[in-house]
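Take a look at the structure set out below.
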Amino acid sequence: MGEILTILISTILVNNYVFAQFLGICPFLGVSSKMETSVGMGAAVTFVVVIASVVTWFIQRFILDALGLGYLQTIVFILVIASLVQLVEMFLKKSSPSLYQALGVFLPLITTNCVVLGVAVLNIQQGYNLIETIFSGLGASIGFTLALILISALRERLELVNIPKPLQGVPIALMSAGLMAIAFTGFQGLV
């Protein structure tokens, strides 16, 4: 149980994929202008990352490693993630149209979100077992969602402030993200 808690705290705060590893910056900047879209994207990413972590773990352990095809990991993982996103999208469209409407916009964006691939690859590199992989994926997703919510809250407040024209939009968002990344280094002593 201690190892699981360490993985969760580490992936959420200490080694946050956005602030410490700089993965997922495109959706971080692209959908973080409004709180509503940030929460939707975070929920969709959480769902896909946890499922992708489990599926890629099984594929790595029982297919790629068993057949000596580890060098195909990146290509296989990309195909698996793209397929999972498509399957999830089709399933939601048929089974829960309201949830599909809520997340439908964000599902195609997840295919190109490097956090999903990064979590899958890093889980394998860390040598996590299945349970650790699930919690690592969950923690990474919560950390990504936390980063999105924090930056969107800040960007909504920055709209009310008089910012010099050259710094408006993405430049001030990048500066804010840099300051948040520095603030998140304060969590390094937790684990």
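Remarks
- The Cα atoms of the chain give a gyration tensor whose axes a ≥ b ≥ c have a/c of 1.5 or more with a/b no greater than b/c, which makes the shape oblate.
- Positive-end residue of Asn162, Val54, Ala44, charge dipole of the chain with Cβ unit charges: Asn162
- Between Leu87 and Leu160, the FRET efficiency from the beta-carbon distance, with R0 = 45 Å, is close to 0.60.
- Summing Cβ point charges (Lys, Arg +1; Asp, Glu -1) relative to the Cα centre of the chain gives a dipole of roughly 340 debye.
- Entry comment: accessible area of the chain is 52 Å² per residue, from protein heavy atoms only and a probe of 1.4 Å.
- Exposure of Arg61 as accessible area (Å², to 10), given a probe of 1.4 Å and all protein chains: 70
- Between the residues Leu109, Ile124, Leu146, the greatest Cα displacement towards the positive end of the dipole of region 80-177, with unit charges on the Cβ of Lys, Arg, Asp and Glu, is found for Leu109.
- The sum of -39500 (n - 2.57) across all DSSP H runs of n ≥ 4, divided by the residue count of the chain, sets its helix-only mean residue ellipticity at 222 nm to -22500 deg cm²/dmol.
- Chymotrypsin sites (Phe, Trp or Tyr not before Pro) within region 11-80, DSSP loop, no more than 15 other Cβ atoms inside 10 Å: Phe22
- Top of Ser32, Ser141, Ser176 by mean-square fluctuation, Gaussian network on the chain, Cα under 10 Å: Ser176
- Solvent-accessible area of the chain (1.4 angstrom probe, protein heavy atoms only): carbon and sulfur portion equals 71 percent.
- Among the protein heavy atoms, those of Leu84 account for about 30 Å² of accessible surface (1.4 Å probe, every chain in place).
- Estimated at the nearest 10 Å², the accessible area of Ile149 is 60 Å² with a 1.4 Å probe.
- Tensor-based shape of region 91-189 (alpha-carbon gyration tensor, a/c under 1.5 rounded, otherwise prolate or oblate): oblate
- Which of Lys93, Lys165 is most accessible, then next, and so on - probe 1.4 Å: Lys165, Lys93
The values are calculated or read from the model by the stated rules, or taken from the named source; none is laboratory data. Note that the structure is a prediction, hence the values are computed from the model and not measured. All Cβ positions, glycine included, derive from the backbone under ideal geometry; neighbour counts span all protein chains shown. What goes into the accessible areas is simple: the full protein's heavy atoms, side chains included, and nothing from ligands, DNA or RNA. Shrake-Rupley method; radii C 1.70, N 1.55, O 1.52, S 1.80 Å.
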